[in-house]
Amino acid sequence: MKPDMLKSALLLGPLVLFLGLAYLVPFLGVMQWSVTLPAPGLGQYGKVLSDPLIHSVFFRTFRICLIVTVGAVAAAYAIAYVWVRGTPMQRLITELCILIPFWISVLTRAFGWVALLSNRGLINIWLQQAGIISEPLTMVRNEFGVVLGMMHFLIPFAVFPIASAMRSLDERVLLAARGLGASRLRIFWSIFVPMTMPGILGAALMVFVFALGFFITPAILGGGRSVMIAELIYLRIFQSPDWGLGAAVSVILMVFVALLLVLMLRFVRPNKMLG
């Protein structure tokens, strides 16, 4: 073995061992539950494939995750653009707006949205006092509140890959287009956006994968009316209890996430998107 390869193996070995103990071993235990509880076999997977309730939860989860992904990536693109290409003051303010949410726990954020969006929350009170509405708007305990809370949490995560793609642009291409008479709008849509597409796709996959596993935000803002996959797993394991079915849903979700990660590694590469 070459010295460089040996050094890499020694450096990465403890990390691989830790990840295996922390993630792979528990996942193998969950897989075992899915085929042994309450009886050995693949009956739990058959139940997942045939239960309309589980199908509706999967469909709702994917729908919400798609909406959150589109909204979060669009907002993150605008924020990243100001962060990378704005004035020094704009960059400083944008950077603070990106970093400060990481200092606030997801539970605090969720209850903050409840305080803002509930029937007696600040937004409804302001709208009623201004005479814009006569009855409070229902903005929590439904999908609207879930989507808004998830987007708020995930936008900062989407900013980083998009900003990285923007910073790696070759400014000479933009200057050449400007020298040939292209308008700012034409340069943005025809050159800037396509060249940052790897960052957009990477951010979209990251947000979608994160959104699939959300539990606290949908549970609080959905109020049990917009159950997603993670909450379904929790209910099956801790309240039913139906550990085998919960484990089967977990395994299916993990396999789906793994496929998404494989797609990200396979297709979301700057050299393939630009070449």
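The values are calculated or read from the model by the stated rules, or taken from the named source; none is laboratory data. Just so we're clear, the structure is a prediction, and the values are computed from it rather than from any experiment. Don't worry about glycine lacking a Cβ; one is built from the backbone with ideal geometry, like all the others, and counts go over all protein chains shown. Each accessible area value is taken on the protein alone, full model and side chains, heavy atoms only, with ligands, DNA and RNA left out. Shrake-Rupley method; radii C 1.70, N 1.55, O 1.52, S 1.80 Å.
Mind listing just one residue for me: the one in the range 131-143 that is open to solvent by 70 Å² or more (accessible area, probe 1.4 Å) and either of a type in the set (A, V, I, L, M) or assigned to a helix (DSSP H, G or I) (or both) and, of those, farthest from GLY224 (Cα to Cα)?
ILE132
Would you please list the contacts, defined by Cβ atoms under 6 Å and residues six or more apart or on different chains, that run from a residue in the range 62-87 that is more than 16 Å from PHE153 (Cβ to Cβ) to a residue that is open to solvent by 60 Å² or more (accessible area, probe 1.4 Å) and of a type outside the set (D, E, K, R)?
Taking only residues 6 or more apart or on different chains, the pairs are VAL82/GLN90.
So which of LEU245, LEU201, LEU221, LEU212 ends up being open to solvent by 30 Å² or more (accessible area, probe 1.4 Å) and in contact (Cβ under 8 Å) with a residue 60 or more places away in the chain?
LEU201
So is ILE191 assigned to a helix (DSSP H, G or I), closer than 30 Å to VAL209 by Cβ, among the aliphatic types (A, V, I, L, M) and out of contact with any Gly (no Cβ under 9 Å at 6 or more places or on another chain) or not?
Here the answer is yes, as ILE191 does meet what is asked.
Could you tell me whether MET166 is open to solvent by 30 Å² or more (accessible area, probe 1.4 Å), at pLDDT 90 or above and assigned to a helix (DSSP H, G or I)?
Working: open to solvent by 30 Å² or more (accessible area, probe 1.4 Å): no; at pLDDT 90 or above: yes; assigned to a helix (DSSP H, G or I): yes.
So MET166 does not fit the description; no.
When the residues of the range 224-241 are filtered to those that are of a type outside the set (Gly, Ala, Ser) and not in a helix (DSSP H, G or I), which remaining residue is least open to solvent (accessible area, probe 1.4 Å)? Can you show your working first?
Looking only at the range 224-241, we keep the residues that are of a type outside the set (Gly, Ala, Ser), and these are 225, 227-229, 231-239, 241.
Applying the additional criterion that residues be not in a helix (DSSP H, G or I) yields 225, 227-228, 239, 241.
Numbers: ARG225: 169, VAL227: 26, MET228: 1, GLN239: 120, PRO241: 93 Å².
Ranking the qualifying residues of the range 224-241, first place goes to MET228.
Any residue at all in the range 13-33 that's open to solvent by less than 100 Å² (accessible area, probe 1.4 Å) and among the polar types (S, T, N, Q)?
No: the range 13-33 contains no residue that is open to solvent by less than 100 Å² (accessible area, probe 1.4 Å) and among the polar types (S, T, N, Q).
May I ask you to list the residues in the range 175-194 that are more than 13 Å from TYR81 (Cα to Cα), aliphatic (A, V, I, L, M) and out of contact with any helix residue (DSSP H, G or I) (no Cβ under 6 Å at 6 or more places or on another chain)?
The answer is LEU175, ALA176, LEU180, ALA182, LEU185.
Can you name the helices (runs of 4 or more DSSP H) wholly within the range 1-111 that have at least 3 residues being under 30 Å from MET197 (Cβ atoms) and not hydrophobic (A, V, I, L, M, F, W, C)?
Counting at least 3 such residues, we get 52-85, 88-99.
Considering only the range 34-67, state which residues are among the hydrophobic types (A, V, I, L, M, F, W, C) and surrounded by 13 or more Cβ atoms within 10 Å (Cβ to Cβ). Even if it seems obvious, please write down each step before you answer.
To start, the set of residues in the range 34-67 that are among the hydrophobic types (A, V, I, L, M, F, W, C) comprises 35, 37, 39, 42, 48-49, 53-54, 57-59, 62, 64-67.
Within the range 34-67, VAL35, LEU37, VAL48, ILE54, VAL57, PHE58, PHE62, ILE64, CYS65, LEU66, ILE67 qualify.
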